[in-house]
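In what follows, a structure is listed as structure tokens, so that the remarks can point back to it.
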Amino acid sequence: MNEESAYLGRPVRSLQTMLRLISIVVPEISPVIPDGVYGMSTMRSVTALQRYLRLPATGVVDLATWNEIIALYYDAVEELLSPQALEIFLQPGQRIVPGEENQHIHLVQAIFRSIGTMVDEVPPVELNGRNDEATTRAIIWLQQSADLPATGELDRRTWRYLVGLYRLIAFDGKSSNNQYPR
């Protein structure tokens, strides 16, 4: 194995991929194009990372540097990836009918209350876990707005529309930012 081939391959590409992701969260680290070659740009990025972490700035990935890269990478993944989506689990064909108690209705009511802080037309609801009269009115309002059959029953289509409306209105959860993202 010659010296050059020791720096080629997937381990280097993995390092570069991690450095690239870290650089999004830590701007002091220059981004690297994952090409599998430990060249000058990779060395500069590693050196910048070592300086950022107050490690000896050698440009060489020793065990201490590697452990910090792994830790920063996992932190960056958590920061950059979308949060885990919450999907309620309705059985195929299941509907939560008016008057029915169901744990999912707590979520529906919370979403309606949140949307209601920004949209006056949303009927007010209580958080009680029951598809009571007020919740049924809110579901019917939503279904009419979405041009769905206005049954007052929670089904998969109604849930999808409710979640979509929440995303459209809530964005990052700051009421002052309730406008389309750019």
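The values are calculated or read from the model by the stated rules, or taken from the named source; none is laboratory data. What you see is a predicted model, and the numbers here were worked out from it, not measured in a lab. So basically every Cβ, Gly included, is an ideal-geometry build from the backbone, and we count neighbours across all protein chains shown. To get the accessible areas, we keep the full protein, side chains included, count just its heavy atoms, and leave off ligands, DNA and RNA. Shrake-Rupley method; radii C 1.70, N 1.55, O 1.52, S 1.80 Å.
Considering only the stretch 1-44, state which residues are open to solvent by 50 Å² or more (accessible area, probe 1.4 Å), in a loop (DSSP other than H, G, I, E, B) and either of a type in the set (A, V, I, L, M, F, W, C) or at pLDDT 95 or above (or both).
Hits for the stretch 1-44 are M1, I33.
Give Y161, Y166, Y180 a once-over and let me know the one that is at pLDDT below 90 and surrounded by fewer than 18 Cβ atoms within 10 Å (Cβ to Cβ).
Exactly one of Y161, Y166, Y180 is at pLDDT below 90 and surrounded by fewer than 18 Cβ atoms within 10 Å (Cβ to Cβ), namely Y180.
Restricting the search to the stretch 45-96, which residues are open to solvent by 80 Å² or more (accessible area, probe 1.4 Å) and assigned to a helix (DSSP H, G or I)?
R51, Y52, L63, W66, N67, Y74, D75, E78, E79
Looking only at the stretch 97-109, how many residues end up being open to solvent by 40 Å² or more (accessible area, probe 1.4 Å) and within 16 Å of G164 (Cβ to Cβ)?
Qualifying residue count, the stretch 97-109: 1.
Assuming N131 fulfils every condition listed in (1) in contact with a Gly (Cβ under 7 Å, 6 or more places away or on another chain); (2) without any contact (Cβ under 8 Å) to a residue 24 or more places away in the chain apart from one, which condition is it?
Single failed check for N131: (2).
If you go through the stretch 142-175, how many residues are over 28 Å from the mean Cα position of the chain (by Cα) and in a helix (DSSP H, G or I)?
1
List every residue pair whose Cβ atoms sit under 6 Å apart, with the two residues 6 or more apart in sequence or on different chains, where the first one lies in the stretch 35-47 and is under 10 Å from L15 (Cα atoms) and the second, anywhere, is small (G, A, S) and open to solvent by less than 30 Å² (accessible area, probe 1.4 Å).
V46/G59
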